Structures are given as C-alpha cells and as structure tokens.
Amino acid sequence: QVQLAESGGGLVQAGDSLRLSCVVSGRTFRFNDMGWFRQAPGKGREFVAGMVRNGDTTYGLESVKGRFTISREIAKNTLYLQMDNLKPEDTAVYYCAAGSSIKVMKAGRVDYWGKGTLVTVAS
C-alpha cells in the first residue's frame, strides 16, 4: 500500500512561486512512476508532470514547460513540484499520483492518489 500526502498549496499573486511536496510512504520510488496532476474548477483532471523510476522527467502541458519543475529527494521519499511565474490559469487542486508507468497514468490508470492541495493564483 502506498500513501501520498501533498502539501505546499496556498493563495499567491501572479508571478509568485510555490513548491509543492508529496511525501510517499509505504513504498520507495523504485517501485512506482510518480506524477503531478491538477484539476481546475469545472474541468477534468490533467497530467502536469511526471518522473519515472530512473529519474527521467516529462511534462504534460505546454503551458507549464519552463515554469514548473518536477524533482525528488530519495532520502526523504518526497516528490516536489516547483512552480515559478504562476498565472491565474494555474489555479487548481494539485494531486500527487503513483502508478506503474507515466504512459498508463496519463491514460487515467493511476494506482494511488493523494488528497490534493489547492493552489490559487490571484491576478
């Protein structure tokens, strides 16, 4: 069993930065690909960024490339999402996710979800 606990969301102004954290318990990064998804009000959940077991990364949204960075700290079993130059359209609940592969997760088959953390970007 894997448990994911996000933190780091909040209310910020456009142009500010936030770093989201996801503490992973139950299994280490060796066993799962990891990712961040988000769900804006009234919209579906979308893939933001992912990291495979070997540390390679991928980003799912053109709008976040160059502004968001996914990383991990293996010793702390923690996944991060550094978000810079935030925009009002980044407002969403951000979810940490774990699964068998990024490809499968992007197709909607996520094995484990966190409860989410709300990011609100004011203009």
- Query: Which of the residues spanning segment 92-116 are touching a residue at least 60 places away in the same chain (Cβ under 8 Å) and open to solvent by less than 20 Å² (accessible area, probe 1.4 Å)?
  - Reply: Tyr94, Cys96, Ala97, Ala98, Gly99, Ile102, Met105, Gly114
- Within segment 22-61, track down each residue that is surrounded by fewer than 17 Cβ atoms within 10 Å (Cβ to Cβ) and small (Gly, Ala, Ser). Ser25, Gly26, Ala40, Gly42, Gly44, Gly55
- Message: Out of everything in segment 62-76 that is in a loop (DSSP other than H, G, I, E, B) and over 16 Å from Cys96 (Cβ atoms), what residue ends up being most open to solvent (accessible area, probe 1.4 Å)?
- Response: Glu62
- In segment 83-91, is there at least one residue being in a strand (DSSP E or B) and either open to solvent by 70 Å² or more (accessible area, probe 1.4 Å) or in contact (Cβ under 8 Å) with a residue 24 or more places away in the chain (or both)? yes
- Task: Considering only segment 69-82, state which residues are touching a residue at least 24 places away in the same chain (Cβ under 8 Å) and in contact with a strand residue (DSSP E or B) (Cβ under 6 Å, 6 or more places away or on another chain).
- Result: Ile70, Arg72, Asn77, Thr78, Leu79, Tyr80, Leu81, Gln82
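The values are calculated or read from the model by the stated rules, or taken from the named source; none is laboratory data. Quick caveat: nothing in here was measured; it's all calculated off a predicted structure. Methodologically, a virtual Cβ is constructed for each residue, glycine included, from the backbone with ideal geometry; neighbour enumeration extends over all protein chains shown. Remember, those area values only see protein heavy atoms, side chains included, never the ligands or the DNA or RNA. Shrake-Rupley method; radii C 1.70, N 1.55, O 1.52, S 1.80 Å.
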